[in-house]
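First up is the structure itself, then whatever we jot down about it.
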Amino acid sequence: QVQLVESGGGLVQPGGSLRLSCAASGSIFTIYTMGWYRQAPGKQRELVASITSGAITNYVESVKGRVTISRDNAKNTAYLQMNSLKPEDTAVYYCNANVRACGVCPVRDYWGQGTQVTVSS
């Protein structure tokens, strides 16, 4: 089993910054792509940013220039640095990871429990 634990959410004023962390633990052989998704009330979950094991990144258009995803492979941890936050960034943010638990195990998708980000004055 693999567990993903997010931290770093909270309440921030417009224009402020937050840094989210996602730590993976458990039976891990290799972590491939890690990503951050978000879901606002009444909306579908959307991909915010992703990063491959080789550090290739991808961002949704609405956060480009304001958000940076990174990872520390030695710590099995991904980060999401969010700057210039806007009220429309308010959502529950979920961490996702594609993980192979052993050398011959299939790659499986894992999700964290989510962390609330609220941008409001």
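Observations on the structure shown:
- Matching residues in segment 24-41 - criterion: being open to solvent by less than 40 Å² (accessible area, probe 1.4 Å), within 21 Å of VAL117 (Cβ to Cβ) and of a type outside the set (D, E, K, R): ALA24, MET34, GLY35, TRP36, ALA40
- Residues of segment 40-60 that turn out to be part of a strand (DSSP E or B) and among the β-branched types (Val, Ile, Thr), as a count: 3
- Exactly one residue out of GLU88, GLU6, GLU61 is acidic (Asp, Glu), within 11 Å of the chain's Cα centre (by Cα) and modelled with pLDDT of 95 or more, and it is GLU6.
- Matching residues in segment 98-118 - criterion: being at negative phi and either assigned to a loop (DSSP other than H, G, I, E, B) or buried (at least 18 other Cβ atoms within 10 Å of the Cβ) (or both): VAL99, ALA101, CYS102, GLY103, VAL104, CYS105, PRO106, TYR110, GLY112, GLN113, THR115, VAL117
- Applying the condition of being in contact (Cβ under 8 Å) with a residue 40 or more places away in the chain and farther than 25 Å from ILE28 by Cα to segment 64-87 and asking which residue is surrounded by the fewest Cβ atoms within 10 Å (Cβ to Cβ) yields PRO87.
- Some residue of segment 89-97 being assigned to a strand (DSSP E or B), farther than 28 Å from SER120 by Cβ and not aromatic (Phe, Trp, Tyr): yes
- All positions within segment 42-87 that are at positive phi and among the hydrophobic types (A, V, I, L, M, F, W, C): ALA55
The values are calculated or read from the model by the stated rules, or taken from the named source; none is laboratory data. The model shown is predicted, which means the values in this text are computed figures rather than measured ones. Neighbour counts are summed over all protein chains in view; Cβ atoms, including those assigned to glycine, are modelled from backbone coordinates with ideal geometry. Accessible surface is based on the protein model in full, side chains and every heavy atom, while ligands, DNA and RNA are left aside. Shrake-Rupley method; radii C 1.70, N 1.55, O 1.52, S 1.80 Å.
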